[in-house]
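The values are calculated or read from the model by the stated rules, or taken from the named source; none is laboratory data. From a predicted model like this one, the values you see are computed outputs, not experimental measurements. Protein only, heavy atoms only, side chains kept; ligands, DNA and RNA dropped before computing areas. Shrake-Rupley method; radii C 1.70, N 1.55, O 1.52, S 1.80 Å.
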Amino acid sequence: MLLWQWMKPPADDPYFFLTPKPTIINDQYYSVEKPIKLDKAGECVSFIFWKVPQPTPKLLYLFPANKPSPKIRIRMSGFKNNEEFWQSGILTEWRDGRGTWEGIKRKDNQPFLEVTIAKIDSDLRETVVYKEALSALHFYAVFDEGVLFDVREVNDPYGQYKVTMKVLEDIPELSKGLDFFIDIRQYGIK
């Protein structure tokens, strides 16, 4: 009995020693949220998160389901209701002219956000796995906590990652009382 108590991780968390917490522990999903000001050029946010191995989820406890990977998204909040959001004109319509809102972009189609994802090796060396200057944030979904825009899914090997986002250009339309957050979480079948 003493051996079991000594070996058992605290609170059934096999990753209790990691800081910050991984985005998934057993069946509990956590998110990493960092504020960013997308309307100001020169704003730079950098932080670390973990991608850790997890058991394969099962649908109905029988069938193997997809293994979730951390998804990096931008969350926009600040509207009182969805109607106010749709009428704001912050989202832009483009591509096929269907009349649907596709995401956020500058009017001149110039890149406004540089995203860099680096894997931190065991010797603390950073290896860049993704670097791109984005000219648009594509609409993902509307939730109670705000609107999500896709940035990148991390399908790379397990380990510690560093995310750096730098705002390249001013976008005054995004300063209408809105709050933006870098949101990293995993979604999967429970």
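Here are some pairs, LYS40/LYS119; LYS51/LYS107; LYS34/LYS166; LYS71/LYS107; LYS34/LYS131; LYS131/LYS176; which of them have Cα atoms lying more than 24 Å apart in this structure? Please list the in-between numbers first.
Details: LYS40/LYS119 27 Å; LYS51/LYS107 36 Å; LYS34/LYS166 13 Å; LYS71/LYS107 27 Å; LYS34/LYS131 19 Å; LYS131/LYS176 29 Å.
With Cα atoms farther than 24 Å apart: LYS40/LYS119; LYS51/LYS107; LYS71/LYS107; LYS131/LYS176.
Could you state the accessible area per residue of region 117-190 in Å², with a 1.4 Å probe and every protein chain left in place?
On the way: 3940 Å² over 74 residues.
It amounts to 53 Å² per residue over region 117-190.
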